[in-house]
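Notes for the one structure printed next.
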Amino acid sequence: MIERRPLLGFLWPRSEPGPVDHQAGQERWIRIPPRGPWRLAFLIVSSLAWLSLLPASLISLFVAPSFYAVALIVAVLLPCGALLLRGWAAGTYVSDRGVKVSRVLTTTFIPWDDVTRVRIDAATHGWLGTPIPVRAQSLALDTPEESVSTTITNVDPDLWLRSQAWDASGDRLTLWWRETRG
């Protein structure tokens with residue numbers, strides 16, 4: 001039997017053949033919903049722009065070093081790179097342990113045992129993380145202490161041009177809650 005693997009196949013772990021037992025659990029975080037085409041396009045273009053500006057600015061530093069150039073690079077490029085990395089990581093993730101809501105500046109973890117209900121919350125949210133108010137629906141997790149809003153909204157760029165993804169995201173989050181609560 002011929003085994004075909006990618007060129008850099010040594011980077012992917014091999015799965016053991018055979019059935020998975022009933023004790024198997026989901027340890028990796030799964031993003032709900034997956035990144036949409038608009039978010040991916042924005043993140044890829046922004047990453048390429050940042051990766052092309054960084055070497056250019058470093059070359060200009062070596063050619064004509066000055067305090068102002070260093071200050072500009074530190075003040076502009078490094079925070080932009082940090083925000084870009086958080087943009088790649090932002091989203092709502094689930095596993096057997098609970099829900100992780102990663103935003104640009106904060107991350108909240110809620111164990112499934114603490115979630116009492118998954119519901120749709122109609123409220124005003126910031127458009128694309130900005131202070132511009134937009135009336136939208138979002139999925140919220142009720143806990144005994146508070147209600148935690150997720151990053152899944154019906155105006156989310158992950159759901160643009162994919163109308164069925166809003167319902168599927170709500171169904172997946174509710175299913176994870178039903179299947180994993182203790």
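The values are calculated or read from the model by the stated rules, or taken from the named source; none is laboratory data. Being a predicted model, the structure only gives us computed values, none of them experimental. Neighbour counts run over all protein chains shown; Cβ positions are idealised from the backbone, glycine included.
General remarks:
- Test: residue in segment 101-110 that is under 17 Å from Phe42 (Cα atoms), modelled with pLDDT of 90 or more, part of a strand (DSSP E or B) and touching a strand residue (DSSP E or B) at 6+ places or on another chain (Cβ under 8 Å): no
- Residue check, Ala123 within 14 Å of Thr151 (Cα to Cα) and over 20 Å from the mean Cα position of the chain (by Cα): yes
- Filter result (assigned to a strand (DSSP E or B) and surrounded by 13 or more Cβ atoms within 10 Å (Cβ to Cβ)) within segment 124-133: His125
- Val99 being surrounded by 17 or more Cβ atoms within 10 Å (Cβ to Cβ), of a type in the set (A, V, I, L, M) and in contact (Cβ under 8 Å) with a residue 60 or more places away in the chain: yes
- Residues of segment 162-182 that turn out to be farther than 14 Å from Val118 by Cβ, loosely packed, with under 13 Cβ neighbours inside 10 Å and under 19 Å from the mean Cα position of the chain (by Cα), as a count: 0
- Entirely in segment 1-91, the helices (runs of 4 or more DSSP H) that have 1 or more residues that are modelled with pLDDT of 85 or more and within 14 Å of the chain's Cα centre (by Cα): 37-63, 78-89
- Selection count, segment 143-158, where residues are surrounded by fewer than 21 Cβ atoms within 10 Å (Cβ to Cβ) and either touching a helix residue (DSSP H, G or I) at 6+ places or on another chain (Cβ under 7 Å) or of a type outside the set (Ser, Thr, Tyr) (or both): 8
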